[in-house]
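Following: one structure in structure tokens, then a few remarks.
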Amino acid sequence: MSAAPLHDPAESDPQPVGDGPGYLPRQLVLLGAGQAHMHTLAQLAKHPLVGARVVLVAPYAGQIYARMLPGLLAGHYQHEDCVIPLEPLVRRSGVQWLSRSVRRLDAQARTLQLDDGSTLPYDWLSINTGPVQNRALLEQSIPGAREHGLFLRPMESFAALWPKVAEMADARALRFTVIGAGAGGVEIAMALRQRFASSSVTLLSGQQLPASDFPAAFQLKVLAALNARRITLIREAAVAIRAGEVVLASGASLACDVPLLSTGPQAAAWLQDSGLALDEAGFVAVDSCQRSRSHPQVFATGDVSSRSDRALARNGHAAQRAGPALDFNLRACVHGTALKPHQPPQRTLSLLSCGDQRAIASWGRWSAQGRWVWWLKNWLDRRVVARFKTDPKQY
Ligand SMILES: Cc1cc2nc3c(=O)[nH]c(=O)nc-3n(C[C@H](O)[C@H](O)[C@H](O)COP(=O)(O)OP(=O)(O)OC[C@H]3O[C@@H](n4cnc5c(N)ncnc54)[C@H](O)[C@@H]3O)c2cc1C
């Protein structure tokens, strides 16, 4: 009897089962590394998601923590103090990261087109891309903005440009004009005053008072703080920017070396023809579970989203608080279980820095100010950044 091989190597090669292509996991795409997605990534590091491959699309390797940007300008922080590096978080969470920006979303075809021309399909999509400064729209209302203005968003680009501006202002007194006096614009103006004592700082607030979204007592404290710091407040809008000047609605022109655009949140242009239901301002209309009102496989959280059933504050605090519910609901989608509604906070604690290590706090109608408010803000902000730099399994 000839010795038959005990084991035919060909037989032990993996054989396909049935006619199908094997197992292809479905794909969850996290678009943008906003505050809620940071939470999702940290949770994925602790509790991996079984049943879906997760891809993150976010253009920057380091996310600037917006609340600390004024402190960076004022000189209280170094760049690295305010940045949350994405790579360690991504590595720990086991997701695939594409360092890209989205150009187009086709909600019908369930695809994203990225800035390298590639197409990324998804089974579920979660959008947390934050607000933008729509340069094309701003150029229409403030001609010259594109050529001469310094845009605050994307903050990562702004922070990269900032050292050059600071170097110029260190060398000679400059005339700064901050266009837009929401809480962010007010903080930026006071940070500039702190950092460059001999430069002039003007704040343009349009028809409204600075920090107009806040209660009256808070606004009065903000006005007093601007006044005490010799910041010129002009209640007019900018209608054009030219080399060396900002033109005001009254026709007057303001000599200016650095026009800094701190205009309010706008919706991204790529949402317009996405097919998703949007609100009148172009933000993604979502239900109480933060799910698109038109496409149930799409979620939107933070400043990019809009809820009609209740006023949704557009700020970092609200965006952060949306994280746990989003994480729960994304997992529920993948596992086919019930979603749960997200209850946005009715009140948020707002802490507005005044440049010189003082700050103003607002909680509902209550407000306060002083060094202790800055201390609290500094402690809270540093804690958030440190938390995302730590291995999530350790907290
Ligand atoms: C100067 C300043 C100070 C502020 N201070 C405070 C404060 O003290 N408290 C507070 O509550 N709020 C504050 N805010 C507001 C706060 O920054 C925002 O409300 C908050 O960051 C919004 O969070 P988000 O998660 O929606 O988006 P973001 O935190 O803006 O994150 C958006 C993410 O999406 C990415 N992204 C953007 N476009 C694309 C694209 N096309 N493709 C892929 N990815 C994209 C970005 O790179 C980023 O990763 C401040 C804002 C400014 C400007």
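The values are calculated or read from the model by the stated rules, or taken from the named source; none is laboratory data. A quick note: this is a predicted structure, and the numbers were derived from the prediction, not measured. Every residue, glycine as well, gets a Cβ built from its backbone with ideal geometry; the counts of neighbours run over all protein chains shown. Each accessible area value is taken on the protein alone, full model and side chains, heavy atoms only, with ligands, DNA and RNA left out. Shrake-Rupley method; radii C 1.70, N 1.55, O 1.52, S 1.80 Å.
A few comments on the model shown:
- Label sites at ALA386 and SER253, each approximated as a point 7 angstrom past Cα along Cα to Cβ, lie 5.1 nm apart.
- Computed FRET value (nearest 0.05) for TRP372 with ASP116, which takes r as the C-beta separation and R₀ as 56 Å: 0.70
- Percent of beta bridges antiparallel (DSSP, the stretch 135-264, rounded to nearest 5): 35 percent
- Compared with the alpha-carbon gap, the fully stretched path from ALA338 to TRP270 is longer by 21.4 nm at 0.36 nm per residue.
- Gain on full extension, evaluated as 0.36 nm per residue between GLU280 and ALA61 minus their Cα-Cα distance, stands at 75.6 nm.
- In nm, spacing of pseudo-spin labels at HIS79 and SER198 (7 Å Cα→C-beta vector): 2.6 nm
- Value of relative contact order over the chain, rounded to a whole percent, pairs C-alpha under 8 Å and six or more apart: 19 percent
- If R0 is taken as 30 Å, the Cβ-Cβ distance between ARG53 and GLU156 corresponds to a FRET efficiency of 0.65.
- Annotation for GLN96 and ASP170: the two label points, set 7 Å from Cα along the Cα-Cβ direction, are 4.4 nm apart.
- Sorting CYS256, CYS333 by solvent-accessible area of protein heavy atoms yields CYS333, CYS256, largest first, with a 1.4 Å probe.
- Relative contact order (percent, whole number), the stretch 135-264, Cα cutoff 8 Å, 6+ residue spacing: 33 percent
- Gyration tensor verdict on the stretch 93-140 (Cα atoms; rounded if a/c is under 1.5, prolate if a/b is larger than b/c, oblate otherwise): prolate
- In order along the stretch 94-106, the Karplus-derived 3J(HN,Hα) couplings, from 6.51 cos²θ - 1.76 cosθ + 1.60 at θ = phi - 60°, round to x, 8, 8, 10, 9, 7, 9, 10, 7, 10, 8, 10, 10 Hz, and Gly and Pro are given as x.
- Carbon + sulfur, % of accessible area of the chain - ligands and nucleic acids excluded, 1.4 Å: 52 percent
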